[in-house]
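Read through the structure below, which is laid out as structure tokens, and then see the notes.
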Amino acid sequence: MEEQTLKEKTAKGLLWGGIHNGIMQLLNLVFGIFLARLLTPSDYGMIGMLLVFSSVAGILQESGFTTALINRKEFRHEDYNAVFWFSTLTGATLYIILFLCAPLIARFYHQPELTSLARYMFLSFVISSMGIAHNALLIKQMKIRQNAIIGITSLFISGIVGITMAYNGMAYWGIATQTLTYVFFIVVGRWHFSGWRPTFSFNFKPLREMIGFSMKILASNLITQINNNILTVILGRFYDSHQVGFYNQANKWKDMGSYTVQGMTNSVSQPVIRQVEEESERLIRIFRKMLRFAAFISMPCMFGLALTAPEIITIAITDKWLESARLMQILCIGAAFMPIQTLMYNMIISKERSDICLWNTIVFGITQIVVELFCYPYGITTMVWAFTAMNIAWLTVWWYYVWKLTGLSGWLVLKDILPFVVIAGGSILAAGYAASFTPNIYWSLLVKIAVAVVLYASVMYLSGANIFRESVAQITGMIRKKHE
């Protein structure tokens, strides 16, 4: 009965995670089309130059305590209260520091306008700090549906605000205000649905109990954010805002697809793994099923997005962004493997080996910086290819530590992932070949999608893939149950 209950929770979490991220990225697509038509690559480049600072500040104010709270066996008010006040005070302190450093940031990028924009945009992580503890509680209780409502509502409201400001000529200020609005409503939603409220009891003793674990998570997340944004920093330093804008746009469209897929597994993987981490055989069985599901969804979606990038970019935001399409294709190939890395990361965390995640991320980050600095004279495309290749290759390092902790062999991992890579890749190549005979861009897009979907689904059905049958059965079962 426990197995069935966990299975039902996981299935519902994956379903709601898919609905949440699917609708979120659809809204991102719609709003992104309007904004990209109203704004220029330089406008996106200005925002892109500041993203690394916002991302790093967000990691610092969270300090790994979200993961630490999720990993605790029981809910204790004093734990969440201590994290709330710590993150709020940290967020305020970081804002003051970055407010004072804004002129230095502008000087680094040779963009004087960044001073006022940075001071305005950085308000977002002050607001977000007040929802960190509430978010941990929602994730721990697997309230995926509530998180979906929060995210969709916040994105819709903020998107309208951003488009309205851009339409009235406020350029990159519209994107910055959209971010602030989104974060504000996210925090309001978390407070509403979690039902938990902080109290004015400043007892930070619980933090000392979590600090050893959380600080390693903090350092790992911090370096991961730097690794993810290092290309933007290097491009912003050595190239102009126009080129940074092309990369930022490509990365944004890639994220629309990858977040949809990764959000499905990430929303449930850590809580589920944590529940069964003491049962070795059951843990490996559930983990392998998550690997298969992630590959089953991620490979066709991200390879397909890479295939259709030129048509999507041209139709949606005009051919002035066509250079972004070429970069987006490369980024999508790498993003297809990111859900696999996230699952392996969560497996290591469930074994309370945050030190492994930390040092692995540090070594990867140093290696990546060296490679990117070596590649930058050869152009942006070379740098993006190097970034993608390194992320895929580093999966072998993540697997090595999973194997050391659980005994999961590399052969079983390949057996779970490789068939979906091959089938999805073959379907995409066939679809691209079929569309090459179609000169019209709209028909080309339709042919690519139709051929890829039909081929992939047909091979899955004819080969009797269990994950395909189970996914279809789960969805139809939920629909039938809802109508009974």
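For the reader, a short list of remarks on this structure follows.
- Exclusive hit being at pLDDT 85 or above, of a type in the set (F, W, Y), open to solvent by 60 Å² or more (accessible area, probe 1.4 Å) and out of contact with any strand residue (DSSP E or B) (no Cβ under 8 Å at 6 or more places or on another chain), set Y378, Y456, Y442: Y442
- Residues in region 189-211 that are touching a residue at least 24 places away in the same chain (Cβ under 8 Å), outside any helix (DSSP H, G or I) and surrounded by fewer than 17 Cβ atoms within 10 Å (Cβ to Cβ): T199, S201, F202, N203, F204.
- Some residue of region 99-113 being within 27 Å of R190 (Cβ to Cβ), in a helix (DSSP H, G or I) and open to solvent by less than 40 Å² (accessible area, probe 1.4 Å): no
- Test: residue in region 292-310 that is part of a helix (DSSP H, G or I), within 26 Å of V454 (Cβ to Cβ), modelled with pLDDT of 80 or more and of a type in the set (S, T, N, Q): yes
- Condition met for G432 (within 21 Å of W253 (Cα to Cα) and surrounded by 19 or more Cβ atoms within 10 Å (Cβ to Cβ)): no
- Residues in region 382-416 that are among the hydroxyl-bearing types (S, T, Y), open to solvent by less than 50 Å² (accessible area, probe 1.4 Å) and farther than 30 Å from L235 by Cβ: T406, S409.
- Qualifying position, being more than 20 Å from the chain's Cα centre (by Cα), of a type in the set (A, V, I, L, M) and more than 29 Å from R197 (Cα to Cα), among L89, L104, L94: L104
The values are calculated or read from the model by the stated rules, or taken from the named source; none is laboratory data. Predicted model, so just to flag it, every value in this text is computed and none were measured. No Cβ is skipped: glycine too gets one built from the backbone with ideal geometry, and neighbour counts run over all protein chains shown. Accessible surface is based on the protein model in full, side chains and every heavy atom, while ligands, DNA and RNA are left aside. Shrake-Rupley method; radii C 1.70, N 1.55, O 1.52, S 1.80 Å.
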